[in-house]
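Engineer: Before I ask anything, here is the structure I am working with.
The values are calculated or read from the model by the stated rules, or taken from the named source; none is laboratory data. Because the structure is predicted, anything quoted here is derived from the model rather than measured. Ideal geometry is used to build each Cβ from the backbone, glycine not excepted, and the neighbour counts take in all protein chains shown. Each accessible area value is taken on the protein alone, full model and side chains, heavy atoms only, with ligands, DNA and RNA left out. Shrake-Rupley method; radii C 1.70, N 1.55, O 1.52, S 1.80 Å.
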Amino acid sequence: MKTVYWLQGGGCGGDTYSLLSSDFMDVSELFTTLDLKLLWHPSLCSIDPAAHERLLTDIASGTTPLDILMVEGSIIFGPAGTGMFDTFRGRAKKELCHTLASHARYVVAVGTCAAFGGFGAGHAIEATGLQFTKKKKGGALGREFVSGSGMPVINLAGCPCHHDVIAGALMAVASDVPLELDRFQRPLEWYNTMVHQGCTRNEYHEYRVEESDFGEMGCLFFHMGCAGPLVPGPCNKLLWNRHSSKPRAGVPCFGCTSPDFPKSNPFFHTPNIEGIPLELPKGVNRAHYMVYKGMAAEAAPERLKKRSAKV
Amino acid sequence: MSSETKKIDIPFNRVEGDLEVKVDVTDDTITDAWSCGTMYRGFEAMMTGRGPLDGLVITPRICGICSLTHLNAAAVALDRIAQVTLPDNAIRLRNVALMAETIQSDLRQAVLMYMADFTNHKAYQKHPLFKEAVARYQMLSGSSVVEVIRKTKRLIEIIAIIGGQWPHTSFMVPGGVTSIPYVPKLMQSRLIFNRFLEWYEKKVLGCTIARWQAVTTRKELAQWFEERPEHRDSEVGFFIRFAEKAGLDTYGRGNDHFLCFGNFPLPKDTAVTPRVPGTDQLTTPGFFRETEYLALDAASIKEDITCSWFEQKPVVSHPFDSVTRPYASGNMGKPYSWVKAPRYDGLPAETGPLAEAVMDRVPLFLDLIRNTGATALVRQLARITRPARLLPDMGTWIDELLAHHADPFYTPVKTIPDGQGAGMIQAARGALGHWVTIENSKISNYQVITPTAWNGSPRDGQNQPGPWESALKGTPVKDPDNPVEAGHVIRSFDPCMVCAVHIVKNEK
């Protein structure tokens, strides 16, 4: 049996609620099948306050081994580095995080807040991720941190993280299956393709048939602020809640798996020069892209220009 | 028995976010309480200077369990500023998605958060229903827990069909919604809905919704109990049996002021009728004071920060005029919480499913309150049976969407003009408001008042306690190391501290 402690810092609980939609196995079945014991979860545990205190002491002393530490929400350092904007029984929660991480065999950052700081990074709450603050390595645990297994923090980016990714990562660490990470420590298993992959609007993107107002049925990348071709993630490949994704429902991808999410420029708008987005799909050469998109727009089939596809 | 007053600090889990309550206990009874939100997140200030639509993306991230509700409040505020009329289909899609979110919240709260306390070994091992409670509500393995995880997960699929994903989509935009699901997906939604309804009637109520709605008094509730074993064995039946034996009908009474912002605007062409004739939304807005129903007056809402760790002059203001600047003074002086104290006409007010039931004049709850007051049991019963009031209308709206699927779902809004607007709706936990000011095409002020800020507010300048601080008074605490009774009271308000805690302005 392996043990799991789920710590919640500065976050909204969205990753927990995402996990409850895990479908290949229900959360309860997942824990049973993997033989995981959930020592603590802020929403899914019913041990009393005194028992929780004893548990923390036992983990800190090594009496209770901690195999997997899951952290949801950012680590709050404000005000002025004290961490007192987020306390547990009068102590800064960042210290609790430190103690738990130093005893864990694996440390998993669930969601963009835990991975990169998310909404509170660069704001007065002085939020950081576990091993990054936005794109900068370091974070609450420091650049050199490795957990007991020798792995650095595994960053399951997303706001929230996709339910199948959380479940999949749990399966991997519970079975000591090695996960290959990208430079932001996101497992390539789920973060080596763009959100764009699998989007039902791809044909519109291909021929540059653009949506410029909600509900027009076109590609959301050129005007509506969609980051689907810019950021990695499995939203359109795995689908959400078995059915859909934001771009499929006409909502632009906001790039929530990126370390610098949320960006400061307005959502629902693509910064561009003469209609060509400032940020181009990952790895694309600007000159080539402009020529290709110009030709593609000329070649666009009537059925797409008429926006007759049901997307 | 000693009459010495003990001070206990109680940290709460199964609360979204962080909550610690300090209580005085004399003769095994709580004599005073102070509720403290222990985290500060600073969301509102993040919004300042951002694009006018950015609240649609940022505010859902305030809370993972009611993200759509925040989205809806943000969208309504912008609808108001843009002065746009929504097409009927947009209203239906928003309402159906919101209802799905509310219903999943009610059931997860009841079974995963509330009834989980019935498995507390130290407190209840001698309770005659303890073994059955463990079989039902043991975390991650109890039969009801497993079922609720499965069934609510299915219901949420309707939100994904409408809006792309749950949580954290942004499909509601000023003027309507971003797309309309095509017919087979709407039919799937209908079938998902049918299955959920069937399960809710069979397992949660133990009877049809129609039979449950016929229970209008405490006496009829007792008759309903005796009528069939299915009634007693349902989640509602078991809850009442366990709770009465544990005494939850004897404590947890708040201050008896109820606040509701109203919810689910009615499309122009619809078979759904309002709960109280004369309003243009399904659930009724208003304020209930002692015995009096008052029309909702948005100008009567003020925030008081006398006992909150914020800096602001004056200390009382309407949300359009509020600012949110943290000022932590440690444990010195008056302030003791990151939650502000919203007040209606100077009074603390309880909000949530029970407040909705009162405002909608649901006879059973009016009768229960007349008899026992708004106890922990009554408040929680209102939550677990609220889906019975929402499901029939949700089904009607899905059918209307199928019938009208070719109609518009969005009224174009080219730009958001400068101006002020409020999005005031009912979240699962009660009254939620977003107050938005747009200046020079940017957000210049954004203020959120959440249900938990109402229910879990600290004291104000008049030294009036917040609703659950009041409700804790008189609550028995048999074991100070295991104050499960205080948990029953606070959880009956369904606290959500990630919502209640405020967000700071970046002063750099």
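Engineer: Calculate the all-directions average of the projected area of the stretch B:1-86's alpha-carbon convex hull, and give it in nm².
Structural biologist: Hull-based average projected area comes out at 8.2 nm².
Engineer: Still on this structure: For residue B:444 and residue B:320, compute 0.36 nm times the residue count separating them, minus their Cα-Cα distance, and round to one decimal in nm.
Structural biologist: 43.6 nm
Engineer: Between exposed GluC sites (Glu not before Pro) in chain B, where DSSP calls loop and at most 14 other Cβ atoms lie within 10 Å, what's the longest gap?
Structural biologist: Longest gap between qualifying sites, sites excluded: B:5-289.
Engineer: Give the shape of the stretch A:136-185 as rounded, prolate or oblate, defined through the alpha-carbon gyration tensor: a ≥ b ≥ c are the square roots of its eigenvalues, a/c under 1.5 means rounded, and otherwise the shape is prolate if a/b is larger than b/c and oblate if not.
Structural biologist: Oblate, because a/c is 1.5 or more while a/b does not exceed b/c.
Engineer: Let me ask something else about it. Rank these by accessible area, largest first, 1.4 Å probe: B:282, B:129.
Structural biologist: B:129, B:282
Engineer: Still on this model: If contacts are Cα pairs under 8 angstrom and at least 6 residues apart, what is the relative contact order of chain B in percent? Intermediate results must be reported in sequence, preceding the final value.
Structural biologist: Details: 1096 pairs, mean separation 135.3, N = 508.
Relative contact order, chain B: 27 percent.
Engineer: What number do you get for the stretch A:193-310 when its Cα radius of gyration is normalised by 2.2 N^0.38 Å, N = residues? Walk me through the numbers on the way to the answer.
Structural biologist: On the way: Rg = 13.6 Å, N = 118, 2.2 N^0.38 = 13.5 Å.
Here the answer is 1.01, to two decimals.
Engineer: Could you calculate the FRET efficiency of residue A:37 with residue B:5 from 1/(1 + (r/R0)^6), where r is the beta carbon distance between them and R0 is 60 Å, rounded to 0.05?
Structural biologist: Working from the Cβ atoms, E equals 0.95.
Engineer: OK, next. Largest first, how would B:143, B:444, B:492 line up by accessible area (1.4 Å probe)? Don't skip to the answer; put the middle values down first.
Structural biologist: Numbers: B:143 65, B:444 35, B:492 0 Å².
These residues rank, largest area first, as B:143, B:444, B:492.
Engineer: Follow-up. Which residues does the label zone of residue B:280 cover in the stretch B:71-92, counting backbone N under 20 Å from a point 7 Å along Cα→Cβ?
Structural biologist: From the stretch B:71-92, the list is B:72-92.
Engineer: Give me the inter-chain shielding for A:228-234: mean count of other chain Cβ atoms within 10 Å, whole number please.
Structural biologist: That works out to 0 on average.
Engineer: Mind checking how much accessible area B and A bury in total, 1.4 Å probe, in Å² rounded to 100?
Structural biologist: 5900 Å²
Engineer: Compute the separation of the alpha-carbon centres of the stretch A:197-232 and the stretch B:348-426 and state it in Å as a whole number.
Structural biologist: 35 Å
Engineer: Just need the relative contact order of the stretch B:191-302 here, percent rounded to a whole number, with Cα pairs under 8 Å and 6+ apart.
Structural biologist: Worked out over the stretch B:191-302, it gives 16 percent.
Engineer: Report the GluC sites (Glu not before Pro) located in the stretch A:172-257 that are in a DSSP loop and have at most 16 other Cβ atoms inside 10 Å of their Cβ, or state none.
Structural biologist: Details: sites: A:180, A:189, A:203, A:206, A:210, A:211, A:216; in loops: A:180, A:211, A:216.
Taking the stretch A:172-257 and a limit of 16 other Cβ atoms within 10 Å, the loop GluC sites (Glu not before Pro) found are A:180.
Engineer: When the solvent-accessible surface of protein heavy atoms is calculated with a 1.4 angstrom probe, in what order do B:481, B:24, B:407 fall, highest first? Don't jump to the answer; show the numbers that get you there.
Structural biologist: Numbers: B:481 95, B:24 20, B:407 70 Å².
Highest to lowest solvent-accessible surface, that is B:481, B:407, B:24.
Engineer: Run the numbers on the stretch A:1-90 and let me know its relative contact order in percent, using alpha-carbon pairs under 8 Å that are six or more apart.
Structural biologist: Reported as a whole number, the value is 48 percent.
Engineer: Using only the alpha-carbon atoms, how far is helix A:163-174 inclined from the longest principal axis of chain A? Give it as 0 to 90 degrees, nearest 10.
Structural biologist: 40 degrees
Engineer: While we're here: Please give the solvent-accessible surface of residue A:295 in Å², to the nearest 10, using a probe radius of 1.4 Å with every protein chain present.
Structural biologist: Approximately 130 Å² of residue A:295 is accessible to the 1.4 Å probe.
Engineer: In whole Å, largest first, what are the principal axis extents of the Cα atoms in chain A?
Structural biologist: Extents along the principal axes, in whole Å: 69, 44, 31.
Engineer: Between 0 and 90 degrees, rounded to the nearest ten: what's the tilt of helix A:49-61 against the longest Cα principal axis of chain A?
Structural biologist: That works out to roughly 90 degrees.
Engineer: Let me ask something additional. Given +1 on the Cβ of Lys and Arg, -1 on the Cβ of Asp and Glu, and no further charges, what dipole in debye does the stretch B:5-500 carry about its Cα centre, rounded to the nearest 20?
Structural biologist: 840 debye
Engineer: In cubic angstrom, how much convex hull volume per residue do the alpha carbon atoms of chain B span?
Structural biologist: Details: hull volume 70.8 nm³, N = 508.
Per-residue hull volume (Cα only) is 139 Å³.
Engineer: Could you tell me which of A:5, A:36, A:148 has its Cα farthest along the dipole of the stretch A:2-190 towards the positive end, charges placed at Cβ (Lys, Arg +1; Asp, Glu -1), taken about the Cα centre?
Structural biologist: Value: A:148.
Engineer: Another question, then. Residue A:2: which lysines have alpha carbons under 18 Å from its alpha carbon, excluding same-chain residues fewer than 8 sequence positions away?
Structural biologist: List returned: A:37.
Engineer: From zero outward in steps of 10 Å, how is the percent of C-alpha pairs of the protein assembly as shown spread across the bins?
Structural biologist: Going from the shortest bin to the longest, the percentages are 3, 14, 25, 28, 20, 8, 2, 0, 0.
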